[in-house]
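The values are calculated or read from the model by the stated rules, or taken from the named source; none is laboratory data. The structure displayed is predicted, hence computed values, not measured ones. Neighbour counts are summed over all protein chains in view; Cβ atoms, including those assigned to glycine, are modelled from backbone coordinates with ideal geometry. Note: areas computed on protein heavy atoms with side chains; ligands, DNA, RNA excluded. Shrake-Rupley method; radii C 1.70, N 1.55, O 1.52, S 1.80 Å.
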Amino acid sequence: MPFREIIPFAVTNSENKILEKLNPQQLEAVTYTDGPLLILAGAGSGKTRVLTHKIAYLHTKFDVPLHNILAVTFTNKAAKEMVARVENLVGVSLENKQNRWVLTFHALANKILQRHADRLGYDKGFVVYDSNDQQSLIKKIMSDLDIDNKNTKPNAVLGAISEAKNKLISPEKYEQGSFFREVVSKVYVEYQKQLVRNNAMDFDDLLLNLLALLRDNEDILKKFQQQFQFVLVDEYQDINLPQYMVCYLLAAEHKRLFVVGDIDQNIYSWRGANLQNILNFEKDFPQAKVILLEQNYRSTSTILNISNQLIKHNKVRKEKNLWTENEVGEKAMLYIANNEYDEAEHVATNIQRLLSEKISPKEVAVLYRTNSMSRVLEQVLTQYNIKYRVYGGFRFYERKEIKDILAYLRLVQNEKDDVALMRIINVPSRKIGKITLQKLIDEAAEKNVHIIDVITEDSAHSLKIFKEVITDLTIAHREKNLPISKLIELIMQKTGYKEWLKTEDSQEAITRLENIEELIVATQESEYTLEEFLSLSALMSQQDEDVPEEETVTLMTFHSAKGLEFDFVFLCGFEENVLPHSQSVDIPEELEEERRLCYVGFTRARKRLFISVASHRTAFYADSRPHDISRFFYELPVENHISIQVSRKLNQFNHIITALREDYLPDIVMNAKVLNSNKNVDREVMDDKIFFDYCEGDVVKSAVFGEGVIVKTIGQGKGISLQIRFRNETKLILPKYGKLEKVR
């Protein structure tokens, strides 16, 4: 029976409560029930509010049972928040999971398949493989097929299989054409056979098998079409092809499909999100109604004006213009820094000022385009005693690839380091089995020697090769006196680590290579000995590990920031080849996604936006390279919306200042706020009053921690780092940041 024929109950107080605080567009979206609905919801416009109020409205106004309303989203966090809001609105608990259909796409698939998987050849009670299970199975299959996983990384094969599944490409239809694709094709066929044989599915299979179940079993499709009188979909701009088809099938009979999304926040194409799904909604459903949610409840009008002006330069979008009744707010600040350290000090100084004004640390976020950019920020924030957490990832020195390279360095420094040896003896894979490793451990324990000592001429070939590599690296370090940066490059070459990551050819592998390049940069900043650098990295990884979340500033990539909001947002690396990323600048579709990424970053801020650009940046290079300001800057409404501040460490002949002088910087240059010099001023020249001659046992005074005793010095000159024991704690301090006073 068409929904419009259902007779609603009389208006109740509960209904009034649900509808009373909605703006006109939200009200229209919540109360519309006749046919497909596309809600284009701008950032901060209350999309979750609309979805949850719609569920409550249908339940209260029309007495639709909650188990007859399907609402799907992408993350467990979002689903949990939606459940809590619905429960609060309707006063009914959704604890009964059998009747709860507010959930993620994968949870939906799992829930239905657990009831009907037998139709697909599975037994009931199938298991879902996580990423570790998947990798173990892929490795086993590659071994059975005699495929060398040193040259073809299992993770890369798994990524290619996942990409194929998201595009609905079966093993039989997977096109070959290269050595890697031939390997993937062979493994893919066997991988699917093994999954079925093990009565298991991976996460991609959940969606594919749900689609197959609904498409090939009309009775089951009819059953769920009748059960789900309404289908609500969150973040519609991020759905992939299988998710799109599942939604279409479930709503095909009654057409009551309500989707909420924002084309301007589509930033996950690399994960399979297809922007065309939301762009084509009105073609798929010609009778669809479209409602724009343009009133923003999050940000100041200044932030919104900047964001609107930026995103309107994208050609592939649906026109909308965010507005707010919030205050105008302060101008955004654009800071032109000398280099990444100057940028980080600018960020730290401003965060310190905010915290001194009693701003909660949890209301401050620092965003960057790539993970590797966090290292310098982490280092400087540590010196300023600003506690932080890295959201959605690890701190720089806790990342797997960094710990791997440091383990190699530790073993070169000290071959007795059995912990380091066990970490990397099979990284990259050398086909050294667990039984072989256990025999090594047992023999070393029995002889009371170190593990490397029991690897002899009689050992397995792979073990001898490993020991030879470590010996060669040790000789290069001790006899050739290689700088640490060159030693890391040699490690990458001799161990095959670099080729191992390159072969994977995935975004994760690219990120790991970038992080290792950043580690190399870190070794070049001062003339550390290997022992000093290893000590410094160990101390950096131990800083403030157990600080409560609410007491920390948040560091994250732009991608991780989506869906979050903060009072104060610092956007770092506003430069060409950083944002937009170098891999995207020549591809129109990807350039538009980079602009959307920038837009997402801007719209995370509620009260104030700080943007920074480094005139020179060392990341990814052996030396500091000049960077131009992002092309996105020229798309922003600078006048009345952005104040520009130039580092005093730059001069008026700097390439960025020269480019901006005529239109944006005439007053700053005329007022001599930029140093008048023909050379860039090194940032340490500005700190010539700082004392750098320290020894163990010296007593120093910090403005933050009080008096302390130096227990260890690392490095020398202006690059020196100090481990200092204060009254209640031990801290790692760099004098060039820490503003220490030598007492005696």
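Computed with the Debye formula from one identical point scatterer per Cα of the range 450-522, without solvent, the log10 of I(q)/I(0) at q = 0.12, 0.15, 0.21, 0.27 Å⁻¹ comes to -0.43, -0.64, -0.97, -1.13.
Amide H to amide H, with H built 1.01 Å from N, ASP567 comes under 5 Å of ARG606, counting only residues 5 or more places away or on other chains. Taking 21 Å as the limit for the C-alpha separation, the pairs LYS139/LYS193; LYS464/LYS502; LYS111/LYS222 exceed it in the case of LYS464/LYS502.
Over 17 Å, how big is the tail of the calculated P(r) for the range 322-361, in percent of all Cα pairs?
Value for the range 322-361: 51 percent of Cα pairs lie more than 17 Å apart.
Put simply, the convex hull of the Cα atoms in the range 166-213 casts, on average, a shadow of 3.5 nm². Taking a ≥ b ≥ c as the square roots of the eigenvalues of the Cα gyration tensor of the range 320-419, is the shape rounded (a/c under 1.5), prolate (a/b larger than b/c) or oblate? Prolate, because a/c is 1.5 or more and a/b exceeds b/c.
Could you work out the local net charge near THR75, counting Lys and Arg as +1, Asp and Glu as -1, over the other residues with Cβ closer than 11 Å to its Cβ?
Residues near THR75 contribute -1 overall.
Counting every pair of alpha carbons in the range 168-310, the share spaced more than 22 Å apart comes to 56 percent.
The radius of gyration of the Cα set in the range 421-463, together with its Dmax, comes out at 10.0, 28 angstrom.
Cross-link check: pairs LYS315/LYS400; LYS124/LYS403; LYS387/LYS649; LYS331/LYS742 evaluated at a Cα-Cα cut-off of 32 Å; pairs beyond the cut-off: LYS315/LYS400; LYS124/LYS403; LYS331/LYS742. Between ASP146 and GLU729, the simple label model (points 7 Å from Cα in the Cβ direction) yields a spacing of 5.9 nm.
Counting only aspartates and glutamates at least 8 places from LYS47 when in the same chain, those with an alpha carbon closer than 16 Å to its own are GLU28, GLU81, ASP234, GLU235, ASP238, ASP262, ASP264, GLU294, GLU565. Amide H contacts for TYR388 (H built 1.01 Å from N in the peptide plane; partners 5 or more residues away or on another chain; cut-off under 5 Å): VAL553.
Between PHE394 and GLU253, how high is the FRET efficiency from 1/(1 + (r/R0)^6) when r is the Cβ-Cβ distance and R₀ = 51 Å? Nearest 0.05.
After rounding, the FRET efficiency stands at 0.60.
Near ARG410: Cβ cut-off under 14 Å, other residues only, Lys/Arg at +1 and Asp/Glu at -1. The net charge is -3. Which shape class applies to the range 29-110: rounded if a/c is under 1.5, otherwise prolate when a/b exceeds b/c and oblate if not, where a ≥ b ≥ c are the square roots of the Cα gyration tensor eigenvalues? Note, shape of the range 29-110 comes out rounded. The label point for ASP472 and the one for ILE441, both projected 7 Å from the Cα toward the Cβ, are 2.9 nm apart.
Taking amide H positions as modeled 1.01 Å from N, with prolines and chain starts lacking one, no residue 5 or more places away or on another chain lies under 5 Å from ILE169.
Given the protein chains as shown and a 1.4 Å probe, how many square angstrom of LYS223 are accessible, to the nearest 10? Result for LYS223: roughly 90 Å² accessible.
Roughly how far apart, in whole Å, are the Cα centres of the range 547-590 and the range 308-357? Value for the Cα centre distance between the two parts: 11 Å. With all pairs of different C-alpha atoms in the average, the Kirkwood value for the hydrodynamic radius of the range 370-507 is 16.8 Å. Here the range 134-204 is treated as an ellipsoid with the same Cα gyration tensor; its semi-axes, largest first and in whole Å, are 17, 15, 10.
Rounded to whole numbers, the Karplus 3J(HN,Hα) couplings from phi for the range 57-70 are 5, 4, 5, 7, 6, 10, 6, 6, x, 4, 6, 9, 10, 9 Hz, using 6.51 cos²θ - 1.76 cosθ + 1.60 with θ = phi - 60°, and x at Gly and Pro. Taking a straight Cα-Cα cut-off under 17 Å and skipping sequence neighbours fewer than 8 places away in the same chain, the lysines within cross-link reach of LYS283 are LYS255, LYS318. For the range 255-300, the Cβ-based charge dipole about the Cα centre amounts to some 200 debye (Lys, Arg positive; Asp, Glu negative; other atoms uncharged).
Rounded, prolate or oblate: pick one for the range 448-577, where a ≥ b ≥ c are the square roots of the eigenvalues of its C-alpha gyration tensor, a/c under 1.5 means rounded, and failing that, prolate if a/b is larger than b/c, else oblate.
Working: a/c = 2.11, a/b = 1.90, b/c = 1.11.
Since a/c reaches 1.5 and a/b is larger than b/c, the shape of the range 448-577 is classed as prolate.
Taking only the alpha carbons of the range 248-375, we obtain Rg and Dmax values of 20.0, 61 Å in that order. The Rg/Rh ratio of the chain, with Rg taken over Cα atoms and Rh as the Kirkwood radius over Cα pairs, comes to 1.00. Partner aspartates and glutamates whose Cα lies under 19 Å from the Cα of LYS480, excluding those fewer than 8 positions away in the same chain, are identified as GLU415, GLU468, ASP472, GLU489, GLU527, GLU531, GLU532. Please pull out the direction-averaged projected area of the range 369-425, using the convex hull of its alpha-carbon atoms, in nm² to one decimal place. If I average the Cα hull's projected area over directions, I get 5.0 nm². Contact order normalised by length for the chain, with contacts defined as Cα pairs under 8 Å and 6 or more residues apart; what percent is it? It comes to 15 percent, rounded to a whole number. Along the charge dipole of the chain, pointing to its positive end and built from +1/-1 on Cβ of Lys, Arg, Asp and Glu, which listed residue (THR302, ALA78, LEU501) has its Cα farthest out? Working it through, the farthest residue towards the positive pole turns out to be ALA78.
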